[in-house]
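Have a look at the structure below, then the notes.
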Amino acid sequence: KWLMDVGTNYWVLAAVGLGFLGVVVWQRAWRVGVAIVGATAVAGQFSDLLKQHFERPRPAFPDALIQVDGWAMPSSHSSVLAAGSVTVVCVVAWASRRTRIRMSVVLALGTLLVGVAMVYLGSHWPTDLVAGWALGAAIGAVFGYVFRPREHPAPKG
């Protein structure tokens, strides 16, 4: 429950957003910043549209730790996290393959942890998460492909 409270707190989200903006500006990583913001925004919007289409109710557990309003399928948290994670893995010019693999594992575990917490709290069915992860991963892959690091050809001469 603490994780959900932190992840939905406007002050925490604002601090994370400002931190992200600071890193983008400091590193001059405009391409990476645009890709991540774009992927997560699109994933959030598609999740909301699909929720209205499927109109799947949230679990009705009387003993659930939290009660959440709105439709459940797909999980917006899952889709946004998956989109952001896949985009990061694809667009960042990693120092080494090993670093890329390690960050992929860390991001995947973080996304999985948040999803499991949402089921544990009683706000989602497991299939809501799978749908959100699939949607987010697909959107992240598209943004990752479009914004991937480009190899500059050697000058002719």
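Within region 13-45, the set of residues being at pLDDT 90 or above and of a type in the set (Val, Ile, Thr) comprises just one member, Val42. Please name all residue pairs, on different chains or six or more residues apart, with Cβ atoms under 7 Å, provided the first residue is in region 90-102 and is under 24 Å from Gly136 (Cβ atoms) and free of Cβ contacts under 8 Å to residues at least 40 places away in the same chain and the second residue is open to solvent by less than 90 Å² (accessible area, probe 1.4 Å) and in a helix (DSSP H, G or I). Listed by first residue and then by second, the contacts come to Arg100/Val89. Looking at this structure, is Trp133 in contact with a Gly (Cβ under 8 Å, 6 or more places away or on another chain), closer than 30 Å to Phe61 by Cβ and either touching a residue at least 12 places away in the same chain (Cβ under 8 Å) or open to solvent by 50 Å² or more (accessible area, probe 1.4 Å) (or both)? Answer is yes for this residue.
Within region 74-84, can one find any residue that is surrounded by fewer than 22 Cβ atoms within 10 Å (Cβ to Cβ) and either modelled with pLDDT of 85 or more or hydrophobic (A, V, I, L, M, F, W, C) (or both)? Talk me through it step by step, then tell me what you get.
Taking region 74-84 as the starting set, the residues that turn out to be surrounded by fewer than 22 Cβ atoms within 10 Å (Cβ to Cβ) are none.
For region 74-84, residues surrounded by fewer than 22 Cβ atoms within 10 Å (Cβ to Cβ) and either modelled with pLDDT of 85 or more or hydrophobic (A, V, I, L, M, F, W, C) (or both): absent.
The set of residues in region 51-107 that are more than 13 Å from the chain's Cα centre (by Cα), assigned to a helix (DSSP H, G or I) and within 15 Å of Gly122 (Cβ to Cβ) is empty.
Filtering region 103-123 to residues that are open to solvent by 80 Å² or more (accessible area, probe 1.4 Å) and either aromatic (Phe, Trp, Tyr) or in contact (Cβ under 8 Å) with a residue 40 or more places away in the chain (or both) leaves Leu113, Tyr120. Of the listed requirements (1) in a loop (DSSP other than H, G, I, E, B); (2) at pLDDT 80 or above; (3) of a type outside the set (A, V, I, L, M, F, W, C), Asp48 misses just one: (1).
The values are calculated or read from the model by the stated rules, or taken from the named source; none is laboratory data. Please read these numbers as outputs of a predicted model, since none were measured by experiment. Ideal geometry is used to build each Cβ from the backbone, glycine not excepted, and the neighbour counts take in all protein chains shown. Ligands, DNA and RNA are excluded from the accessible area calculation, which covers all protein heavy atoms including side chains. Shrake-Rupley method; radii C 1.70, N 1.55, O 1.52, S 1.80 Å.
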